[in-house]
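Take a look at the structure below.
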Amino acid sequence: MGNCVPKPNKSLSEIAPSDFVTDTTVRLYGSASSTLISFLRIALQYKAVAVKFVPSENYGLGNNNPILQYGTDTVTGSPETLFRYIEGKFPKPKLFDEFEEDGIEFDGNQGGIAMVVKIQHKCMLYYIENLVKWVEDMNVRGGGRAVVDVSMGSPVMEVRKFGRSYSQLLELMLEHAQMEERILFPVLEKADRGLSKAANEDHARDFPIMNGIKETIKSIGVLDPGNPVYQEQLISLLSKLKTLQEHCEEHFEEEESQLLPLLEATEISGEQQDRMVEQCLEVMEGTHSHLFHFLISGLLPREAILYLSLITKCTTASNTERVNSMLRTLMTRIDSTVCSSSNRKPSQHLLAKYRGTPTTPSIEDRQMEKSDSYKQQQHDDVYRV
């Protein structure tokens, strides 16, 4: 479990809440090349906590574990000890469901690669939903002729931003499909030939739709917003996006309820599952490099932390530097988002949505604002980085 220095007289859950600490900065000591250090810093960013990182290779406490100082508390030890302290001291947003002696346990019934697939599904559905809402709002505003959203710029600028956002989602979806076809489906086919036939057919069915959306966006981009064809193309774009949304919801549900549970029946070992996650990083190279912040921004805090945990768990000597680079880049992107929001209070800098895909509220959204379900969704969404 590791040691706390000095040894606390109370359990971590009994330590005074952070509101009673006058110095609100967390000081973190450790190696700049440590994957755990990067993971800890990202977790603290989600907690909207000010962090001062002090690079140090010699911690002076007789071990190489990171050291976390907050107020009069000094904590070191295993990852479980450090994350448990962070969760107890800064309870919102909740990042971890439970802990075990050997680390963080999120779902004992799901293997690593199955959880990776499910989390990616959540991210893609989130972005598709927001793209649909965005086009709906553009239609309500008359294709940009009647009401211009100043946050989006001119109609031409807005279409370009929309196109960039869709291009990111398209690359993520294509790499996800390739990952399944090259890593996941072969394992299932080896156990029972034909198991993944329907899923492969779904991929083939949706590729033309995804490319059609891309072409429609291009067509809108060269049209004058006052042209009647502009509005017709917006309606066509909305129809295609909704079709893709329906197909993805159906396809993902079938995979998660019918295919992924069969992985356990294949009796592949934990090491094999970890290797599949490592292969996922290799196949989905774009997703885990220039699109990594886009991926993480589409997840709720616990989903993002779980994804990062799955990745770091599968870190090997051959990909340690790559994983560290991914985490460092993610930290930088989150920090830049914080710095660009200078009008927000420091304690709120990660409570505002950062979606990667900017959206504007539709009429339906405004009408829903007073509903309980809407308020709960807003409570969940504000913690996205």
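The values are calculated or read from the model by the stated rules, or taken from the named source; none is laboratory data. Just so you know, these numbers come straight off a predicted model, no measurement behind them. Neighbour counts are summed over all protein chains in view; Cβ atoms, including those assigned to glycine, are modelled from backbone coordinates with ideal geometry. When the accessible area is computed, the model is the full protein with side chains, heavy atoms only, and any ligands, DNA or RNA have been set aside. Shrake-Rupley method; radii C 1.70, N 1.55, O 1.52, S 1.80 Å.
A probe of 1.4 angstrom, applied to the heavy atoms of all protein chains, finds E246 with accessible area near 110 square angstrom.
For the pair R193 and S269 in one chain, pulling the backbone fully straight at 0.36 nm per residue adds 25.3 nm over the alpha carbon distance. For the residues V229, V283, a 1.4 Å probe over the protein chains yields an accessible-area ranking, largest first, of V229, V283. About the centre of its Cα atoms, segment 167-275 shows a dipole size close to 500 debye [charges on the beta carbon of Lys, Arg (+1) and Asp, Glu (-1) only; nearest 20 debye].
Counting only protein heavy atoms and using a 1.4 Å probe, the accessible area of D206 comes to about 10 Å². Pairs with C-alpha atoms separated by more than 23 Å, drawn from the list K52/K92; K92/K122; K94/K242; K94/K118, are K94/K242.
Count Lys and Arg as plus one, Asp and Glu as minus one, and take only other residues whose Cβ is under 15 Å from that of L327; the net charge is then +3. Solvent-accessible surface of segment 161-229, taken per residue with a 1.4 Å probe and all protein chains present: 50 Å².
A cut-off under 14 angstrom between Cβ atoms defines the neighbours of I209, and their net charge, with Lys, Arg +1 and Asp, Glu -1, is -3. How high is the FRET efficiency from E181 to E57, r the C-beta distance, R0 45 Å, rounded to 0.05? So, using R0 = 45 Å, E works out to roughly 0.55.
In terms of its alpha-carbon gyration tensor, segment 119-246 comes out prolate; a/c meets the 1.5 threshold, and the first ratio a/b outweighs b/c.
Taking all protein chains together and rolling a 1.4 Å probe, M115 ends up with roughly 30 Å² accessible.
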